[in-house]
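Chemist: Handing you this structure, nothing more for now.
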Amino acid sequence: MYQLKPGNMRNFRPRLALTLGDPAGIGPEVILKALADAEVSQYCDVVVVGSRELLTQTYHKLNLTENVVPLANPAELSVVDLPTFAEIRIGMGNGASGAASFAYMECAIAKTLAGEFDGIVTGPIAKSAWKAAGHNYPGQTELLAQKSGVDRFGMLFVARSPFTGWTLRALLATTHIPLRQVSDTLTPQLMTKKLDLLVECLAQDFGIENGRIAIAGLNPHSGELGQLGTEEIDWLIPWIESERRQRPNMQLEGPIPPDTMWVKPGLAWYGNGRVDNPADAYLALYHDQGLIPVKLMAFDRAVNTSIGLPFVRTSPDHGTAFDIAGKGLADSTSMKEAIALAAELVNRRLAV
C-alpha cells in the first residue's frame, strides 16, 4: 500500500470525499471493508458521500453472510448523508441506482471545488445506470472535467507492485470510445495534449522531472513499415520525433509494438527476470491496449487517477460487480490503494 512518511507532511491531514458509487454494486461493501483497516485513514480524514442508511443496510447484510470480515460501523463514519432511493435493489443496476451515484458525484465535486475537501475518491459506477437515469456521460472522468471547467484531462492508471515495489503508470490517449473510432480520433494534436498532461503529472505528483516514457504503436508490429497499417508512418513517428526535439530532457521511446511494450513492465512487476531501466510511464493509444495488461498485472490494486483536474481524484480500477454485490466476496484492496494514493498526491501537491 502507498505509505506517507509523517516527517514529509505538514501539520494537517488531507480531507477526502469518498463517494459510495452505484449503491446496487460492490461500492458500499469495499468502502466498509477498506475503512475497517486503521492504516487506510492513518494520514487522512475520509468522509463518505452517499447514504448512511444504505451503508447500514450493507453492514447488516454482510454480517449475515458466510464471508464475514472486519467492517467499519456506519454509525462511526463521517457521512454526507444524501437521500436513499427506494427502487434500489442490490445486484441490479437501474435508473434509481444511477441517479443516486450521480447525485453522490455531483455533491462531492461541488464540495471539493468549494474547498471542503482536498480530493475525491470515487466508488465504481455503472455507465448504463447513469444513462438510464438520463445522464449521458462516458464515465466519471468526463463529469469531473466538465464540472471543473477543464478540457485537458486524462485517465492515468497507477499501481505499486507487491512483489518488487516498482510503480506502474499507464495513460490512455483515448478512453471510452468504440474501437472503430480510435484511428480517426488519434491526432498529433491530441497526442501532444496527452503527453503534456503526462509530463506535468510525473513532475507534480511523482517528482519525476526528466522521465522516460514509452509510447505504443497503433497497429500490430507498429505497422511493420506500412504493411499492417500506415498511421505510424503517416503521423505517429514524425510526431514522436518532433516531440523529442521539443523535449530534449525527456526520453521518449516508440512507437513500440503493442504486443511487446508490456514485456518489461511485466518483468518489473513480478520480478522474475532482469529489467534494464523500465519506463516511468507508458502511453497507450486506446482503452484495451492499456487496460488489458494493467488489469492482468494489477487488477486488485490498480488505481484510476484523473489528471488535469484542479484537485486529486482517484478510483479503484474495477467495476460495480453486480453479480457478487452483497455476498461479502468483493476485494477492497484497490479501494484501499485509491484512498492511500489520493492522500499521497494531495500531500505532495500541497507541500510544493
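The values are calculated or read from the model by the stated rules, or taken from the named source; none is laboratory data. As the structure is a computational prediction, the values presented were derived from the model and not from experiment. As a convention, Cβ positions derive from the backbone with ideal geometry for all residues, glycine included, and neighbour counts pool all protein chains shown. For accessibility, only protein heavy atoms count, side chains too; no ligands or nucleic acids. Shrake-Rupley method; radii C 1.70, N 1.55, O 1.52, S 1.80 Å.
Chemist: Across segment 114-127, in residue order, what do the Karplus-derived ³J(HN,Hα) couplings come to in whole Hz, using 6.51 cos²θ - 1.76 cosθ + 1.60 with θ = phi - 60° and x for Gly and Pro?
Modeler: Those phi angles translate into 7, x, 6, 10, 8, x, 10, 10, 10, x, x, 10, 10, 4 Hz.
Chemist: Would you grab the residues whose amide H sits under 5 Å from the one on residue 20? Only those 5+ places off in sequence or on another chain, please, with H modelled 1.01 Å from N.
Modeler: Under 5 Å from the amide H of residue 20: 49, 123.
Chemist: How long is the gain from residue 300 to residue 244 if the chain were fully straight, where each residue apart is worth 0.36 nm and the alpha carbon distance is subtracted?
Modeler: 16.7 nm
Chemist: Subtracting the Cα-Cα distance from 0.36 nm times the residue separation, let me have the gained length for residue 177 to residue 349 in nm, one decimal.
Modeler: Roughly 58.8 nm would be gained on extension.
Chemist: For segment 139-273, what's the radius of gyration and Dmax over Cα atoms, in angstrom?
Modeler: Rg then Dmax for segment 139-273, in Å: 15.7, 45.
Chemist: Now for a different question. Carbon-plus-sulfur fraction of the accessible area of segment 153-307, 1.4 Å probe, in percent?
Modeler: Carbon and sulfur: 52 percent of the exposed surface of segment 153-307.
Chemist: Go through segment 252-257 residue by residue and turn each phi into a ³J(HN,Hα) via Karplus (6.51, -1.76, 1.60, θ = phi - 60°); whole Hz please, and just put x for glycine and proline.
Modeler: Karplus-based 3J(HN,Hα) across segment 252-257 equals 10, 10, x, x, 8, x Hz.
Chemist: Continuing with the same structure: Tally Lys/Arg at +1 and Asp/Glu at -1 over every other residue whose Cβ is under 12 Å from the Cβ of residue 285; what's the total?
Modeler: Once all neighbours under 12 Å are counted, the net charge is -2.
Chemist: In addition: How much space per residue, in cubic angstrom, does the convex hull of the C-alpha atoms of segment 253-352 take up?
Modeler: 158 Å³
Chemist: Still on this structure, please answer the following. Using a 10 Å Cβ count of at most 13 others and DSSP loop calls, identify the longest part of the chain lacking such GluC sites (Glu not before Pro).
Modeler: Longest gap between qualifying sites, sites excluded: 225-352.
Chemist: Still on this model: I want to check the label-to-label distance for residue 225 and residue 68. Put each point 7 Å from Cα in the C-beta direction and report it in nm to one decimal.
Modeler: Roughly 6.8 nm, to one decimal.
Chemist: Taking N as the number of residues in segment 24-79, what value does Rg over Cα atoms divided by 2.2 N^0.38 Å take?
Modeler: So the Cα radius of gyration is 1.07 times the expected 2.2 N^0.38 Å.
Chemist: I need the shape label for segment 196-251. Rule: rounded when a/c is under 1.5, else prolate if a/b > b/c, else oblate, with a, b, c from the alpha carbon gyration tensor.
Modeler: It is prolate, given that a/c is not under 1.5 and a/b is the larger ratio.
Chemist: Sticking with this one: Build a GNM of the chain with springs between Cα atoms under 10 Å: which of 227, 204, 251 gets the top mean-square fluctuation?
Modeler: Most flexible of the set in this elastic network: 227.
Chemist: Right, something else. Would you mind counting up the charge near residue 90? Only other residues with Cβ under 15 Å from its Cβ, with Lys and Arg at +1 and Asp and Glu at -1.
Modeler: Its environment carries a net charge of -2.
Chemist: Shifting gears a bit: Helix-only mean residue ellipticity at 222 nm, the chain, DSSP H runs n ≥ 4 weighted -39,500 (n - 2.57), per residue, nearest 500. What is it?
Modeler: -11000 deg cm²/dmol
Chemist: Follow-up. So if each residue of separation counts as 0.36 nm, and I subtract the Cα-Cα distance between residue 152 and residue 288, what length gain in nm does that give?
Modeler: 46.8 nm
Chemist: Solvent-accessible area per residue for the chain at a 1.4 Å probe radius, Å²?
Modeler: 43 Å²
Chemist: Continuing with the same structure: Could you tell me the relative contact order of the chain? Use alpha-carbon pairs under 8 Å, at least six residues apart, and round to a whole percent.
Modeler: 25 percent
Chemist: Please give, to one decimal in nm, the separation of the simple spin-label points placed at residue 110 and residue 274, each 7 Å out from Cα toward the Cβ.
Modeler: Placing both labels 7 Å along Cα→Cβ, they lie 5.9 nm apart.
Chemist: By a straight-distance test (C-alpha under 28 Å), which lysines pair with residue 33 as possible cross-link partners, with residues fewer than eight away in the same chain excluded?
Modeler: Residue 33 reaches 5, 61, 111, 127, 295, 327, 336.
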